[in-house]
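I have placed the structure first, in the form of structure tokens, so that the comments after it can refer back to it.
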Amino acid sequence: MNLPEFSATAEAHPNIALIKYWGDRDSKLRLPANGSISMNLGGLVTRTTVTFNDQFKDDRLLLNGEETSGPALERVTFFLDLVRGQAGINTHGQVVSRNNFPTGAGIASSAAAFAALCLAATRSAGLTLTEMELSRLARRGSGSASRSIPGGFVEWQAGTGDLDSYAYSIAAPDHWRLVDCIAVVSTGHKRTGSTEGHASAGSSPFQSTRVDQAPERLNRCRQAIEQRDFSLLADVVEADSTLMHAVMMTSVPPLFYWEPASLRLMKLIPEWRRQGLQACFTLDAGPNVHVICPAGQADSVEEQLSQVEGVMQVLKASVGPAASWVA
Ligand code: DP6
């Protein structure tokens with residue numbers, strides 16, 4: 001069946017993982033080795049419009065105003081194929097996507113990109129899916145995108161298979177007014193992307209221990225969020241980030257994402273905490289340092305971060321809402 005032209009627009013926010021997803025049990029289905037917890041980053045937005053039209057000869061991707069081909073377009077086509085399969089259509093689509101945050105700032109854009117694409121593509125293909133179904137589908141585009149579908153603080157349960165590996169909100173955005181102050185220390189493009197990194201995680205002798213102990217860290221993180229206990233949160237978030245980086249550094253081939261300024265901040269921030277500032281660090285697959293703090297401390301944290309050698313810029317994001325359609 002072919003459709004006449006139909007178009008839908010959606011917005012989604014990136015998220016920062018407090019307990020990390022690293023490594024897959026099944027890379028084709030993007031079933032994670034362990035569950036993870038994140039918060040959405042409010043104010044940072046990807047807006048995507050998908051148009052299906054039976055006159056189109058191919059899928060097209062316009063990213064921040066530029067026609068894009070190669071691996072990025074292939075990944076979008078793979079995702080549109082999943083949507084077309086579910087909707088029973090074979091029409092080509094045009095995807096127009098724009099981020100309001102700098103591409104070079106090292107903010108994982110695949111989470112927001114595939115969450116927004118998932119909402120826009122399914123609606124324009126005529127599908128009506130629940131939040132759970134949307135999260136499950138977004139996961140197939142990028143694992144962390146499953147967590148950008150629900151709002152606020154979100155847990156992605158590892159699940160036992162495709163059907164029960166999805167994310168849900170564990171607390172609303174206004175439950176705890178935390179801020180992510182992102183200390184940008186490099187704007188260079190990362191050499192090894194997450195997809196490649198997930199594939200090599202199992203080659204580290206530390207990955208199995210990290211995965212075995214993940215349920216305990218997930219419990220502590222969930223409890224810290226429920227009780228708004230910052231010191232409990234700080235300890236588990238920093239430990240989890242450093243554990244993931246230990247796996248990265250001991251994988252074959254090894255992945256070193258830190259820059260000197262990343263390590264400088266990782267030593268300074270616990271020191272600031274001992275002096276009374278509520279702040280903790282976490283790093284994804286890149287050198288930029290996400291500094292989580294209560295909203296009341298964000299200005300002081302920003303001020304202190306901007307004085308550290310090697311910090312080029314500080315971006316701030318509050319806890320963000322769910323992905324949504326734009327009328
Ligand atoms: C380090 O979701 O970007 O940011 O599924 O290959 O797109 P793909 O990977 P992705 O991996 C995220 C890795 C991380 C940790 C996290 O966000 O949990």
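Data table
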{"read-out": "Of the criteria (1) away from the ligand (no atom under 13 Å from the Cβ); (2) within 16 Å of the chain's Cα centre (by Cα); (3) not β-branched (V, I, T), which one A172 fails", "value": "(2)"}
{"read-out": "Residue match in segment 83-91 (condition: more than 13 Å from the ligand (Cβ to nearest atom), β-branched (V, I, T) and in contact with a strand residue (DSSP E or B) (Cβ under 6 Å, 6 or more places away or on another chain))", "value": "yes"}
{"read-out": "Yes/no for A10 being buried (at least 21 other Cβ atoms within 10 Å of the Cβ), touching a residue at least 12 places away in the same chain (Cβ under 8 Å), on the phi < 0 side of the Ramachandran plot and away from the ligand (no atom under 11 Å from the Cβ)", "value": "yes"}
{"read-out": "Boolean, T68 is more than 14 Å from the ligand (Cβ to nearest atom) and crowded, with 24+ Cβ neighbours inside 10 Å", "value": "no"}
{"read-out": "Residue pairs meeting the criteria (Cβ under 7 Å; at least 6 apart or on separate chains; first outside the structural domain of R210 (by TED's automatic domain parsing), in segment 26-44; second among the charged types (D, E, K, R) and part of a loop (DSSP other than H, G, I, E, B))", "value": "S36/K20"}
{"read-out": "Options A224, A201, A246, A172; residue that is surrounded by 19 or more Cβ atoms within 10 Å (Cβ to Cβ), among the hydrophobic types (A, V, I, L, M, F, W, C) and free of Cβ contacts under 8 Å to residues at least 60 places away in the same chain", "value": "A224"}
{"read-out": "Residue within segment 109-124 that is more than 13 Å from the ligand (Cβ to nearest atom) and either assigned to a loop (DSSP other than H, G, I, E, B) or polar (S, T, N, Q) (or both) present", "value": "yes"}
{"read-out": "Meets criteria (modelled with pLDDT of 95 or more, assigned to a strand (DSSP E or B) and within 12 Å of the ligand (Cβ to nearest atom)) for V154", "value": "yes"}
{"read-out": "Residue ID - surrounded by the most Cβ atoms within 10 Å (Cβ to Cβ), chosen from residues in segment 19-33 that are more than 9 Å from the ligand (Cβ to nearest atom) and more than 13 Å from G202 (Cβ to Cβ)", "value": "L31"}
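The values are calculated or read from the model by the stated rules, or taken from the named source; none is laboratory data. Predicted model, so just to flag it, every value in this text is computed and none were measured. For neighbour counting, all protein chains shown are included, and Cβ atoms are generated from backbone atoms with ideal geometry for every residue, glycine included.
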